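Reviewing the structure listed below.
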Amino acid sequence: MTSVYETVDSPLGELLLVGRASATATGGTALASLSLPGQKGGAVVQDGWRRDPGAFEEIGRQLTAYFAGRLTRFDIEYADAGTAFQRGVWKAVDDVPYGRTTTYREIAEAVGTSAVGVRAVGTAIGRNPLLVVRPCHRVIGADGALRGYAGGLESKARLLGLEGVLVP
């Protein structure tokens, strides 16, 4: 299946959106990846991908509303990705409400893994291909400190600031 892509401006810089056709997604495109500028492990445009701005109109509309403070939960279909464990962790991350934070330990508990599994949870969160829309920026250290974000800690702090979260 051919991937489509587009770039959109944001307060974090130019975002790269990658998607796949979906008969069930609003706008006809399921989001496979959303990468920030300079993101560790972020997507890069591949040969054979097709630029299609129209495929991302709905996703772009929701991102614009989020960055303007008018949207607190995305309604975007995601393309299937990840292992069963990663999908479980990402689902737990999706459940963290706007304007709130949680810890890696709390996510580990939510997916039923032991305290030893916190590291595996951190790895799964670090492989989240959908920054911003899957809110891994809301996961912080047990001490309240910002920890690992593939888009950089400055972007994580900006997103949490946008959501009104006070970060010590």
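The values are calculated or read from the model by the stated rules, or taken from the named source; none is laboratory data. Everything quoted here is computed from the prediction, not taken from an experiment. Every residue, glycine among them, receives a Cβ derived from its backbone with ideal geometry; neighbour counts consider all protein chains shown. Side chains included, ligands, DNA and RNA excluded: accessible areas come from the protein's heavy atoms. Shrake-Rupley method; radii C 1.70, N 1.55, O 1.52, S 1.80 Å.
How much mean residue ellipticity at 222 nm does the chain get from its helices, if each DSSP H run of length 4 or more adds -39500 (n - 2.57) and you divide by all residues, to the nearest 500 deg cm²/dmol?
It lands at -8500 deg cm²/dmol.
Axis of helix 153-162 versus longest Cα principal axis of the chain: the two differ by about 90°, to the nearest ten degrees. For the chain, the share of accessible area belonging to carbon and sulfur comes to 50 percent (1.4 Å probe, ligands and nucleic acids excluded). Inter-part distance, the stretch 41-67 to the stretch 69-141, computed on C-alpha centroids, equals 21 Å. For THR103, the amide hydrogen comes within under 5 Å of the amide hydrogens of ILE140, counting only partners 5 or more places away or on other chains and with H modelled in the peptide plane. Computed from backbone phi with θ = phi - 60° and the Karplus coefficients 6.51, -1.76 and 1.60, the 3J(HN,Hα) list for the stretch 14-28 is 6, 8, 9, 9, 10, x, 9, 4, 8, 5, 9, 7, 4, x, x Hz; x is used for glycine and proline. Relative to the longest principal axis of the Cα atoms of the chain, the long axis of helix 57-67 makes an angle of roughly 40 degrees. The HN-Hα couplings worked out from phi for the stretch 90-97 by the Karplus form 6.51 cos²θ - 1.76 cosθ + 1.60 (θ = phi - 60°) are 5, 5, 5, 5, 4, 7, 6, x Hz, whole numbers, x standing for Gly and Pro. Taking a sphere under 11 Å around the Cβ of THR29 and counting the other residues whose Cβ falls inside, with K and R at +1 and D and E at -1, yields a net charge of -4.
Averaged over its residues, the chain has an accessible area of 51 Å² per residue, based on protein heavy atoms and a 1.4 Å probe. Just the number, please: Stokes-Einstein D of the chain in µm²/s, Kirkwood Rh from C-alpha pairs, 20 °C, 1.002 mPa s. Value of D from the Cα-based Kirkwood radius: 132 µm²/s. Each Lys or Arg adds one and each Asp or Glu takes one away; over the other residues whose Cβ falls under 11 Å from the Cβ of ARG61, this sums to -2.
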